Amino acid sequence: MTRTVPRTVPVQTTVLTFRDAAVEPLWRHLDLTVTPGEFLTVLGPNGVGKSTLLGTVLGTRRLTHGTVTTGARTGYIPQQRMADPDLPVRVRDLVGLAIGHGILHNRRPSRSTVDRALDEVGALGLADRRVGTLSGGQQQLVRQAQALAGDPQLLLCDEPLLSLDLRTQRAAVELLDRRRRERRTAVVFVTHNINPVLDVTDRILYLGPRSHVTGTVDEVMRGDVLSDLYGTRVDVARVNGKLVVV
Ligand SMILES: Nc1ncnc2c1ncn2[C@@H]1O[C@H](COP(=O)(O)OP(=O)(O)OP(=O)(O)O)[C@@H](O)[C@H]1O
């Protein structure tokens, strides 16, 4: 006899949804869903509203129209900003604060949990350093550890590869790719350079000065599509596996 077992835990098919969303005058009519494990790369020129888009998910910027919905546990790697050189906080304590509920629940995360988060991004050796004394790239790694430490279901990354050397960039992208494959973390990745994430990008949201477009790399990174978006001729070429936009 076969029996149908009722599904008690609904399968989560969406971690983030924009419906006819706008932050005028930057962008409007944005309809977008992000699913678990998806890697969405957000591209567009300076000032077009990429960070603003992340801000609407985080609740720091308000939509002027439409809705944005997420119920996901969210991690955030902010755009690079140097910490105050005199900040009297050690890396291990800073990451500890991000993990759990350290302060809110009056429970300090164990040292091994914090160290695991630092080790995952290759920054364990920085654990006892004061944050303000770290280089830009080292601070960026600490921000990665903070964002990943809370085991996010949705990870918002604002140009997270800035200041990282090529090898460290590659390691960071591999880490995000592993996360989304193994833990189904959805990644929204704002960048000016798609090449480091070309192989892991499922979809692109390209915000242009006139409108926006979403689709796979092959659908979006085309001369005719980008020319339309910019209102001027744009060519896209592949050189040694990399995309060059001119
Ligand atoms: N809190 C804010 N309130 C109002 N306007 C803002 C705020 N933050 C940024 N802006 C403006 O919104 C516009 C878009 O900024 P945003 O940082 O989202 O662009 P971006 O696409 O991420 O740019 P970049 O690639 O240079 O980082 C800019 O003109 C900026 O000055």
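The values are calculated or read from the model by the stated rules, or taken from the named source; none is laboratory data. Given the structure is predicted, the values throughout are model-derived calculations rather than measurements. Note that each Cβ is placed from the backbone with ideal geometry, even for glycine, and that neighbours are counted across all protein chains shown.
Brief remarks on what is shown
- Members of region 19-53 that are in a loop (DSSP other than H, G, I, E, B) and either within 9 Å of the ligand (Cβ to nearest atom) or at negative phi (or both): GLU24, PRO25, LEU26, THR35, PRO36, GLU38, GLY44, PRO45, ASN46, GLY47, VAL48, GLY49
- Residue ranges of strands (runs of 3 or more DSSP E) in region 159-246 with at least 1 members of a type outside the set (Gly, Ala, Ser) and over 23 Å from ALA22 (Cα atoms): 236-239, 242-245
- Residue match in region 142-156 (condition: surrounded by fewer than 15 Cβ atoms within 10 Å (Cβ to Cβ), modelled with pLDDT under 90 and more than 26 Å from THR52 (Cβ to Cβ)): yes
- Against the numbered list (1) touching a residue at least 60 places away in the same chain (Cβ under 8 Å); (2) away from the ligand (no atom under 16 Å from the Cβ), ARG167 comes up short only at (1).
- Subset of region 54-89 that is more than 13 Å from LEU154 (Cβ to Cβ) and aliphatic (A, V, I, L, M) - its residue that is nearest to the ligand (Cβ to nearest atom): LEU63
- Residue under evaluation ARG203, criteria (1) surrounded by 15 or more Cβ atoms within 10 Å (Cβ to Cβ); (2) over 27 Å from LEU141 (Cα atoms); (3) more than 16 Å from the ligand (Cβ to nearest atom), criterion not met: (2)
- LEU16 vs. criteria modelled with pLDDT of 90 or more and within 16 Å of the ligand (Cβ to nearest atom): no
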